[in-house]
Amino acid sequence: MRYPARVVLALASVITAAGGWSVGAPTDAERDFSWRISQASAQPAPASGTLRLPSQHEPPQHEPPQHEPPAREAPAKPPAAAPRKSVHVVAGGAAKPPVVAPHGPLHPHRPTGAPTGKPAPPAVPARIPAPASVAVPVPAPAPQPQPSAETKTAAPDKLPDAEKPEAAAAKLPRFASLRSDDVNMRAGPGTRYRIDWVYKRRDLPVEIEREFDVWRWVRDADGIQGWVHGATLMGRRSFIVQKADAALRSEASDTARPVAILKPGVIGRIRSCEASSDWCNVQAGSYRGFLRREQFWGTLPNEAVAPG
């Protein structure tokens, strides 16, 4: 038989107020029953309107269940930075231009074992009559000196490349370049004068300041001066980079793309220059482009160099 929940709750209240089922102290069973009644009254009534009493076989629960705290999540690690890769770039995001280094000796050297002046005539020994029975040896002929680059003349097919073509106006000063890797600079205009310097760099530019017959008084980029034979020079125009690195650009503009970086001492060819321009069209090795006049030595101020 089922009783309404309100009747059971009222009955439990009366029994609790009267001191339990007996006059003495409540037993463990009575205390357990009273605790179960209070737990049942604290629970919400079921939808059917009846109250379910806890079973005696269920263990008493004197403490509410403890809720475990949620597990703490490990903090997320920040993403590792991407490895940096060294990339050489220049203005505009282009790759770094190649670097052209000088090759070959740029400065002359002193000759070794060369005569220091005009050789003195050989001493004539005193004549001593030889005995009749002794044959006088006949001296062997002295070896003839081999012709040097100073005495060689240009071949007929190389006349257009001569330093001073025929019927051309001889203007001074003017620039030329060394024809070979062995050029002597002498103290005077003649082979009888001593050799002061020896150049071992073809295409090195020199400035001609004076002339005497086939000899030219020249000055190099270091300021060394002396006489060289005209056959050791050619009219091809060249330049040498001085002081600092020079940027060879694709156009005659400071903002143009750099083609190559020319180190001090690099020697190249001047292709053309306009008289009113600060730029010259040049070539260094396999690289072609434009250089400012102030970055190299090999032209006169405001000089026009015809394309060649």
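Can you tell me which residue is modelled with the highest pLDDT among those in the stretch 149-203 that are under 12 Å from G235 (Cβ atoms), more than 38 Å from the chain's Cα centre (by Cα) and of a type in the set (A, V, I, L, M, F, W, C)? Within the stretch 149-203, the match that is modelled with the highest pLDDT is A162.
So which residues in the stretch 188-215 are hydrophobic (A, V, I, L, M, F, W, C) and either open to solvent by less than 40 Å² (accessible area, probe 1.4 Å) or closer than 19 Å to L172 by Cα (or both), if there are any at all? Quick ask: steps written out before the conclusion?
Going residue by residue through the stretch 188-215, those that are hydrophobic (A, V, I, L, M, F, W, C) are 195, 197-198, 204, 206, 208, 212, 214-215.
Answer for the stretch 188-215, where residues must be hydrophobic (A, V, I, L, M, F, W, C) and either open to solvent by less than 40 Å² (accessible area, probe 1.4 Å) or closer than 19 Å to L172 by Cα (or both): I195, V198, L204, V206, I208, F212, V214, W215.
Can you report the number of residues in the stretch 224-246 which are within 37 Å of the chain's Cα centre (by Cα) and either closer than 15 Å to S177 by Cα or crowded, with 20+ Cβ neighbours inside 10 Å (or both)? Before the answer, list the steps.
Our first condition is that a residue be within 37 Å of the chain's Cα centre (by Cα); within the stretch 224-246, this holds for 224-225, 233-246.
If we keep only those that are either closer than 15 Å to S177 by Cα or crowded, with 20+ Cβ neighbours inside 10 Å (or both) as well, we get 224-225, 233-241, 246.
Residues flagged as within 37 Å of the chain's Cα centre (by Cα) and either closer than 15 Å to S177 by Cα or crowded, with 20+ Cβ neighbours inside 10 Å (or both) within the stretch 224-246 amount to 12.
Select from the stretch 253-276 the residues that are out of contact with any Phe, Trp or Tyr (no Cβ under 9 Å at 6 or more places or on another chain) and either open to solvent by 60 Å² or more (accessible area, probe 1.4 Å) or more than 14 Å from I240 (Cα to Cα) (or both) and list them in ascending order. Quick ask: steps written out before the conclusion?
Our first condition is that a residue be out of contact with any Phe, Trp or Tyr (no Cβ under 9 Å at 6 or more places or on another chain); within the stretch 253-276, this holds for 254-255, 257-258, 261, 263-265, 271-272, 274-276.
Answer for the stretch 253-276, where residues must be out of contact with any Phe, Trp or Tyr (no Cβ under 9 Å at 6 or more places or on another chain) and either open to solvent by 60 Å² or more (accessible area, probe 1.4 Å) or more than 14 Å from I240 (Cα to Cα) (or both): D254, T255, R257, P258, K263, S272, E274, A275, S276.
What number of residues within the stretch 204-257 satisfy the criterion of being of a type in the set (F, W, Y) and more than 19 Å from Y193 (Cα to Cα)? Talk me through it step by step, then tell me what you get.
Residues of the stretch 204-257 of a type in the set (F, W, Y): 212, 215, 217, 227, 239.
Right, trim to more than 19 Å from Y193 (Cα to Cα) and you get 239.
Here the count works out to 1.
Residues in the stretch 279-308 that are in a loop (DSSP other than H, G, I, E, B), open to solvent by 30 Å² or more (accessible area, probe 1.4 Å) and touching a residue at least 12 places away in the same chain (Cβ under 8 Å): G285, L300, N302, A304, A306, P307, G308.
The values are calculated or read from the model by the stated rules, or taken from the named source; none is laboratory data. These figures come from a predicted structure and were not determined experimentally. Note that we place each Cβ from the backbone using ideal geometry, even for glycine, and neighbour counts take in every protein chain shown. Ligands, DNA and RNA are excluded from the accessible area calculation, which covers all protein heavy atoms including side chains. Shrake-Rupley method; radii C 1.70, N 1.55, O 1.52, S 1.80 Å.
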